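Notes to accompany the following structure.
No value in this document is a laboratory result; all are computed from the given coordinates. These figures come from a predicted structure and were not determined experimentally. No Cβ is skipped: glycine too gets one built from the backbone with ideal geometry, and neighbour counts run over all protein chains shown.
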Amino acid sequence: MRTRYSEDQQAVAEAFGDLFAREATPETVRAAEAGCGFDPGLWRKLVAAGAPGMAVPVTDGGGGASLVDLAVVVHEWGRRIAPVPLVEHAVCARLLGSAGAQRELVTAVSSGELIATLAPGPVGPDGTARLVPAGAVADVVAAKHGDNVVVARARPPGAARPNTADLPLADRDLSDAETLASGAAAAGAWDRALAEWKALMAVAYAGLAGEVLAMGVAYTKQRHQFGVPVGSFQAVQHGLADASTRSEGARLLAFRAVCAVDAGRADGARLASMALLFGAESGRFATDRVLQYHGGYGYSAEYDVQLYYRRAAGWLLQLGEPAAEVARLADADLGPKAA
Amino acid sequence: MDFTMPARAEDFRAEVQQFLAEHLTGEMIAATRDGTIHSPALHRAIADRGWLSGAVPAELGGGGMDPVDLCVLLEELQLHQAPADALGVAVVAVSMILEHGRDHLRSTVAPRLMSGEALACLGYSEPESGSDVAAARTRAVRDGDRWVINGSKMWTTLAHVADYVLLLTRTDPDVPKHRGLTFFVVPLDTAGIEIQAVETMGNERSNATFYDDVVLGDEWRLGEVNDGWTVMKTALKYERGIAGGQFPSPPVIEAAVDWARRARRADGSRPIDDDEVRHKLMRAMIDVEVCRSFAYHTAALASEGAMFGVEGSMTKLFASESYKKHCAWFLDMMGAEGLLTHDDPGAHMDGLIEEHFRHAPVTAIYGGTSEINRNLVAEGWLGLPRSRS
């Protein structure tokens, strides 16, 4: 049992930490908000670095890294709320390979030449998946349609539905999607992909919370009121301490979930779902405290806290209602409700 | 990075579960209703199995159990509600004695504590000093090669069943508070000691202990004169390894699930089919997994030989605060029935949830209050300025 990064993982964290700090600045994030919440230049740099397909098996044209190694990169992505659909893409790339998609499609997605995503919600009777994460920019959309896992390849709309978090959400027509897998195989592959998405987004939330708390600490040390740093007031200290405690707990649970999903353990899906729910709640709490301790500036568009505040709300809701996720957990743990 | 317990630790878990199946009885758990969270038979059995001495660090002469195994032991004890409050105290006391004690304490007290034959309790808090522990006023005055002790201690839990108290005293009142402290190991049958029960809301018995011209030889001194704060820091360090307290909620959650399945509402429906009940149960289970993640993380750090500090504060803060929340949720869930104590024949599971509801507040107070832990996180983790002297 080792709950810290290995030396290799530490090196990966530093390399991608540098890349995101350089290429996904708050200015980049704001610029992407003016468009559809996507930065094509950043995506190309991630492609050059091999990130989009890093956790796809080598035989499918990927980098052969583990889900845990990918999570190390996702943590850095979350810290910079970088405007590229890294998690959706990486999870969909692994799904396509394991569900036996055409080789040409798998390799094009693994390389990042095509952008892929998955629609976590149900596909409507008219074949439309609504508010698909990265739907504005994805060339490839995978979804669960009835008992099948389906995949559609189409030109992305390039425009997002305007939303709180400036995420590239868009509706996608999947009526022409082809079936990749059916029945039990489809259910297994889809559940695994969703568990991967949840666990990785939980890690992203840990990155987001860690970064916003660092922002809060820096600001409250430097900002003086009543002749002393705001951060010397115990009311402020205790709010930040509570937020840090929850965020550290969320980080540990998130990586524990990634490890369990990666190892194919029976409790993987349960931990992934729990990690995401707790991570989102902790992320929202941390952004709320830090915005509050910035005073009026936290509310201003000029400061970066608001960028994090809005994403902390948005990332989880891409999955649907949080209460519905809790209900699914309850069904698995407690048994279904009586009719 | 790998959060999976090693196979060796899982084998050990099975061994602990087997041990508890053999040695922990329902009567032992029920007997704690008298207020003493200690079972002499269980304590001796744990010591006989080598787990008490095993929990003492190897560099001090203990068994040096791997911290991951120790974590599993503490997890299982808590999940089974084993009354083992004296175990942690004994391990801390032995560790302090082996690190700072001289021949007398090492040869007489340490072996008796390690074998489970004798028990220790902690005499840090006083009526006028709790979190500000270095402000202790219990006075020890040197008289030739003897010491004379006068003062009083508060929250000396287990003193009424213990053989020794680790006593924090003031030996120099004229220097800054941290520099005038000295530790002693005091046999509780020494003349001049009085033990009075302190009743609590949770039925748990604690004690106030009074020291009236207690005369003690210098061989009972632990550490150097006026260097008691160094000893105290050692105590806090060892406490982190054996603290436990990460798993107070699971028995309450199990009881809540049981109730929600059995109870029937006026309309005939089961609470377990109510969305809000299900929501609360799952939120509580999520908190338990957060606690487990903290517990495994700190154990893994210790196993690597890395010293952790603030992580222990975070774990204790999160576990105790979430436990209080869960107890309140599940008390509410049961309505008026939730109020029934174990004296009522109709109380669900002998009033387990109600008992936990009354016990929970103390967990956010003893062993470092939530406020002190938040201070430690703010200073040690976030690097914010210290807010007290």
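When only alpha-carbon atoms count, how far does segment B:245-380 stretch along each of its three principal axes, as whole angstroms with the largest first?
For segment B:245-380, the Cα spread along each principal axis is 56, 26, 23 Å.
Could you work out [θ]222 nm for chain B from helices alone, using -39500 (n - 2.57) per DSSP H run of at least four and dividing by all its residues? Round to the nearest 500 deg cm²/dmol.
-14500 deg cm²/dmol
In debye, nearest 20: dipole of segment A:7-182 around its Cα centre with unit charges on the Cβ of K, R (+) and D, E (-)?
Around 240 debye, computed over segment A:7-182.
Using only Cα atoms, locate the centre of segment A:49-69 and the centre of segment A:285-329, then give the distance between them in Å, rounded to an integer.
30
Given contacts defined as C-alpha pairs under 8 Å and at least six residues apart, what's the relative contact order of chain B, whole-number percent?
14
Sorted from fewest to most neighbouring beta carbons within 10 Å, what does the list B:His348, B:His326, B:His80 look like?
B:His80, B:His348, B:His326
Please state, to two decimals, what the Cα-based radius of gyration of segment A:1-61 comes to when divided by 2.2 N^0.38 Å (N = residues).
This ratio for segment A:1-61 stands at 1.38.
Which translational diffusion coefficient, to the nearest whole µm²/s, is obtained for segment B:177-324 from the Stokes-Einstein equation, given a Kirkwood hydrodynamic radius over C-alpha pairs, 20 °C and 1.002 mPa s? Each step should come with its number before you reach the end.
Working: Rh = 19.8 Å.
D = 108 µm²/s.
Picking from B:Phe308, A:Ala177, B:His100, whose Cα lies most toward the positive end of the charge dipole for the protein assembly as shown (charges on Cβ: Lys, Arg +1; Asp, Glu -1)?
A:Ala177
Starting with the fewest neighbours, write out A:Leu105, B:Leu222 ranked by other beta-carbon atoms found within 10 Å of each beta-carbon.
A:Leu105, B:Leu222
Could you state the per residue volume, in Å³, of the convex hull enclosing the Cα atoms of segment A:59-145?
104
For every other residue with a beta carbon closer than 13 angstrom to the beta carbon of A:Arg155, add +1 if it is Lys or Arg and -1 if Asp or Glu, then tell me the sum.
Charge balance in the 13 Å sphere: -1.
Kirkwood-based Rg over Rh for segment A:106-249 (C-alpha set), two decimals?
Rounded to two decimals, Rg/Rh equals 1.17.
Place the peptides B:351-361, B:167-177 in order of packing, highest mean first, counting for every residue the other Cβ atoms within 10 Å and averaging per peptide.
Numbers: B:351-361: 21.5, B:167-177: 17.5.
Taking the mean over residues of other Cβ atoms within 10 Å, the ranking is B:351-361, B:167-177.
Across segment A:188-334, how large is the tail of the calculated P(r) beyond 23 Å, expressed as a percent of all Cα pairs?
On the way: 4222 of 10731 pairs.
Taking all Cα-Cα pairs of segment A:188-334, the fraction more than 23 Å apart is 39 percent.
Let me know the charge dipole size of chain A about its Cα centre in debye, to the nearest 20, where only the beta-carbon of Lys, Arg (+1) and Asp, Glu (-1) is charged.
My answer is approximately 540 debye.
Could you tell me the center-to-center distance, by alpha carbons, between segment B:344-384 and segment A:123-165 in angstrom?
Segment B:344-384 and segment A:123-165 have Cα centres spaced 46 Å from each other.
Among the trypsin sites (Lys or Arg not before Pro) within segment B:263-322, which fall in a DSSP loop and have no more than 14 other Cβ atoms within 10 Å of their own Cβ? Could you put the intermediate results ahead of the total?
Working: sites: B:Arg264, B:Arg265, B:Arg278, B:Lys280, B:Arg283, B:Arg292, B:Lys316; in loops: B:Arg264, B:Arg265.
Qualifying residues, ordered by number: B:Arg264, B:Arg265.
Hey, what D do you get for segment B:121-230 in µm²/s if you plug the Kirkwood alpha-carbon radius into Stokes-Einstein at 10 °C and 1.306 mPa s? Intermediate results must be reported in sequence, preceding the final value.
Numbers: Rh = 13.8 Å.
Taking Rh from Cα pairs, D becomes 115 µm²/s.
Of A:Leu252, A:Val74, A:Tyr308, which is farthest along the charge dipole of the protein assembly as shown in the positive direction, counting Lys and Arg as +1 and Asp and Glu as -1 at C-beta?
A:Tyr308
Can you find, among B:Gly268, B:Ala319, A:Leu96, the residue sitting farthest towards the positive end of the charge dipole of the protein assembly as shown, where Lys and Arg contribute +1 and Asp and Glu -1 at Cβ?
A:Leu96
Of the chymotrypsin sites (Phe, Trp or Tyr not before Pro) in segment B:1-104, which ones lie in a loop per DSSP and count no more than 13 other C-beta atoms within 10 Å?
none
If the viscosity is 0.692 mPa s and the temperature 37 °C, what Stokes-Einstein diffusion coefficient in µm²/s follows for the protein assembly as shown when Rh is the Kirkwood radius over Cα pairs?
The calculation lands on 118 µm²/s.
Considering only C-alpha atoms, what is the centroid distance from segment B:149-201 to segment A:199-237, in Å?
The distance from the Cα centre of segment B:149-201 to that of segment A:199-237 comes to 40 Å.
For a 24 Å ceiling on Cα separation, which of these pairs sit above it: B:Lys177/B:Lys324; A:Lys221/B:Lys237; B:Lys153/B:Lys324; A:Lys337/B:Lys316; B:Lys153/B:Lys177? Each step should come with its number before you reach the end.
Working: B:Lys177/B:Lys324 34 Å; A:Lys221/B:Lys237 29 Å; B:Lys153/B:Lys324 27 Å; A:Lys337/B:Lys316 34 Å; B:Lys153/B:Lys177 17 Å.
Over 24 Å apart, Cα to Cα: B:Lys177/B:Lys324; A:Lys221/B:Lys237; B:Lys153/B:Lys324; A:Lys337/B:Lys316.
At 222 nm, what helix-only mean residue ellipticity would chain A give, in deg cm²/dmol to the nearest 500, using -39500 (n - 2.57) for each DSSP H run of four or more?
Only helices count here, giving -19000 deg cm²/dmol.
Could you tell me what percent of the DSSP beta bridges with both partners in segment B:121-230 are antiparallel, to the nearest 5?
Antiparallel: roughly 90 percent of the beta bridges in segment B:121-230.
How high is the relative contact order of chain A? Use alpha-carbon pairs under 8 Å, at least six apart in sequence, and give a whole percent.
15 percent.
What is the percent of Cα-Cα separations in segment B:7-119 that go past 20 Å?
Numbers: 2530 of 6328 pairs.
That fraction is 40 percent.
Please give the average number of partner chain Cβ atoms lying within 10 Å of the Cβ of each residue in B:4-16, rounded to a whole number. Present the calculation step by step, with values, prior to reporting the outcome.
Numbers: counts 7, 1, 1, 0, 0, 1, 0, 0, 0, 0, 0, 0, 0.
Mean partner shielding for this stretch: 1.
Enter the mean number of other protein chain beta carbons within 10 Å of the beta carbon of each residue in B:375-383, as an integer.
6
Using only C-alpha atoms and all pairs of different ones, pull out the Kirkwood radius for segment A:7-182 in Å with one decimal.
Result for segment A:7-182 stands at 16.2 Å.
Can you give the Rg to Rh ratio for chain B, taking only C-alpha atoms and Rh from Kirkwood? The partial results should precede the final answer.
Values: Rg = 21.7 Å, Rh = 22.1 Å.
Answer for chain B: 0.98.
Provide, as a two-decimal number, the C-alpha radius of gyration of segment B:272-343 over 2.2 N^0.38 Å, N being how many residues it has.
1.45
Let me confirm one metric for peptide A:324-331, namely the mean number of other chain beta-carbon atoms within 10 Å of its residues' beta-carbons. Could you put the intermediate results ahead of the total?
On the way: counts 0, 1, 8, 4, 1, 7, 9, 2.
Neighbouring Cβ atoms belonging to other protein chains average 4 per residue here.
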